[in-house]
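The values are calculated or read from the model by the stated rules, or taken from the named source; none is laboratory data. Given the structure is predicted, the values throughout are model-derived calculations rather than measurements. A quick note on method: Cβ atoms are made from the backbone with ideal geometry, for glycine too, and the neighbour counts reach across all protein chains shown. Each accessible area value is taken on the protein alone, full model and side chains, heavy atoms only, with ligands, DNA and RNA left out. Shrake-Rupley method; radii C 1.70, N 1.55, O 1.52, S 1.80 Å.
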Amino acid sequence: MEKKDIRSLDFSELSAELAQMGEKPFRAKQVYEWLHRKLVRGPDEMTNLPAALRERLKDVFAWRNISILEVLESKADGTRKYLFGLEDGNVIESVLMKYHHGNSVCVSSQAGCRMGCRFCASTLGGLTRNLLPGEILSQVYQIQRHSKERVSNVVIMGTGEPLDNFDHVLKFIRMLSDENGLHISQRNITLSTCGIVPGIYRLAREKLQITLALSLHAPTQEKRMELMPIARKYELSEVLEACRAYFEQTGRRLTFEYSLVGGVNDSREDADRLAELLGDMNCHVNLIPVNPIRERSYVQSDRSVTEAFKSKLEKCGINATIRREMGRDIGGACGQLRKSYLDRSKGEVKKE
Ligand code: SAH
């Protein structure tokens, strides 16, 4: 039987495993604390355990550690991008953003992605595999260890579609907010989805206190289909219906992400339609200047167009902000660092 990844076991599962090994209950508490509070990488660091137990932990469980391959730091705003290597040789990326209100980490939920959004670098090579709960947690743990600063917010907005890896992501959220772990409040956790309707309903049923961010990017079904292939499967009206249900079940205000692409979805008419679409919802719109990627010809909207788009929404009573571009000088766009690393390791010449 395949060994279980020890960091992916929640407290009750770890307790059951250790009980089966004949250990006293307090040992599970100790091991869990080493893993999820003191953030150690292996049993050798668990200094209050008997040597024999440390050896058994090595034998019985898999230790799917992730290791830092590269760290890029932005000179402009201190944003750091981390490239991690997984035990099986895959690579993923995460970002640390420093705000006045605390440190926010953006984690990946999959190695690669199969959603195919047109402007996104993360999906260009397709999906390699789902990440384990422990591998998603490890991104936060490694960054907190490396930066020596407490992580206060987590956004699941890195590579991958979190609702396409539903069970592992749900476990990650529960373990991250568990009082036996880092105990990050669910209110400080945001999950961003491209709009997988059954996943949104499932998430609503879990009654978490996390923020749901929906990647909208267009005000009509036709335009959305052009940018996001997933829109062919789940229509705009169905997606918004699911978002309403999420709000009703959880009482959490919704966030809509709207990447502004010059000449594609940034006209006055687009703003009008968007305002109409969201007019009756308790929501916040996050306008993201599209981060151009080499493989596509999309460009950012002019600053004045972006501002006008925002004021139009505000005039209609919709709360909107333009997302500050963090770490632009270090390849800010989703999945760009991972992609450039994979290209380099394939021996391709990196074109700038
Ligand atoms: N799969 C999830 C989460 C990952 S992407 C989702 O689709 O929401 C996080 C956000 O960044 C999404 O809103 C996504 O559409 C957006 N994004 C991806 N690439 C981008 C780019 N090059 N410029 C601007 N936004 C981008």
remark   = Scanning the range 263-285 for residues that are open to solvent by 30 Å² or more (accessible area, probe 1.4 Å) and either within 15 Å of the ligand (Cβ to nearest atom) or over 17 Å from Met228 (Cβ atoms) (or both) gives Gly263, Val264, Ser267, Arg268, Glu269, Asp272, Glu276, Gly279, Asp280, Asn282
remark   = Within the range 44-84, residues being open to solvent by 10 Å² or more (accessible area, probe 1.4 Å) and more than 17 Å from the chain's Cα centre (by Cα) number 28
remark   = By my count, helices (runs of 4 or more DSSP H) wholly in the range 1-81 with at least 2 residues that are within 24 Å of Lys148 (Cβ to Cβ) are 25-36
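Quick check on Ala245: is it surrounded by 14 or more Cβ atoms within 10 Å (Cβ to Cβ), outside any loop (DSSP other than H, G, I, E, B) and touching a Lys or Arg at 6+ places or on another chain (Cβ under 7 Å)? Step through it out loud before you land on a result.
Working: surrounded by 14 or more Cβ atoms within 10 Å (Cβ to Cβ): yes; outside any loop (DSSP other than H, G, I, E, B): yes; touching a Lys or Arg at 6+ places or on another chain (Cβ under 7 Å): no.
It is false that Ala245 is surrounded by 14 or more Cβ atoms within 10 Å (Cβ to Cβ), outside any loop (DSSP other than H, G, I, E, B) and touching a Lys or Arg at 6+ places or on another chain (Cβ under 7 Å).
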ask   = Among (1) modelled with pLDDT of 95 or more; (2) open to solvent by 10 Å² or more (accessible area, probe 1.4 Å); (3) out of contact with any Asp or Glu (no Cβ under 6 Å at 6 or more places or on another chain), where does Lys207 come up short?
value = (1)
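Got a number for residues in the range 327-340 being hydrophobic (A, V, I, L, M, F, W, C) and either within 11 Å of the ligand (Cβ to nearest atom) or at pLDDT 95 or above (or both)? Before the answer, list the steps.
Pass one, the range 327-340, residues hydrophobic (A, V, I, L, M, F, W, C): 330, 333-334, 337.
Subsequent filtering for residues that are either within 11 Å of the ligand (Cβ to nearest atom) or at pLDDT 95 or above (or both) retains 333-334.
Of the residues in that region, 2 qualify.
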ask   = Tally time: how many residues in the range 137-162 are among the hydrophobic types (A, V, I, L, M, F, W, C), near the ligand (Cβ under 10 Å from one of its atoms) and buried (at least 24 other Cβ atoms within 10 Å of the Cβ)?
value = 1
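Yes/no per residue for (1) within 11 Å of the ligand (Cβ to nearest atom); (2) at pLDDT below 95; (3) in a strand (DSSP E or B); (4) on the phi < 0 side of the Ramachandran plot:
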{"residue": "Tyr298", "(1), (2), (3), (4)": "yes, yes, no, yes"}
{"residue": "Thr306", "(1), (2), (3), (4)": "no, no, no, yes"}
{"residue": "Phe309", "(1), (2), (3), (4)": "no, no, no, yes"}
{"residue": "Lys312", "(1), (2), (3), (4)": "no, no, no, yes"}
{"residue": "Ala320", "(1), (2), (3), (4)": "no, no, yes, yes"}
{"residue": "Glu325", "(1), (2), (3), (4)": "yes, yes, no, yes"}
message = For Gln221, only one of the following conditions fails: (1) surrounded by 20 or more Cβ atoms within 10 Å (Cβ to Cβ); (2) farther than 19 Å from Val299 by Cα. What is its number?
response = (1)
request  = Scan the range 8-28 and give yes if some residue there is without any contact (Cβ under 8 Å) to a residue 60 or more places away in the chain, surrounded by 13 or more Cβ atoms within 10 Å (Cβ to Cβ) and of a type in the set (Phe, Trp, Tyr), otherwise no.
outcome  = no
message = Conditions first: (1) touching a strand residue (DSSP E or B) at 6+ places or on another chain (Cβ under 6 Å); (2) more than 16 Å from the ligand (Cβ to nearest atom); (3) of a type outside the set (Val, Ile, Thr). Gln186 passes all but one, so which condition is the exception?
response = (1)
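Filter the range 3-45 for residues that are basic (Lys, Arg) and in contact with a Gly (Cβ under 6 Å, 6 or more places away or on another chain) and give the result.
Filtering the range 3-45 for residues basic (Lys, Arg) gives 3-4, 7, 24, 27, 29, 37-38, 41.
Arg7, the sole residue that qualifies.
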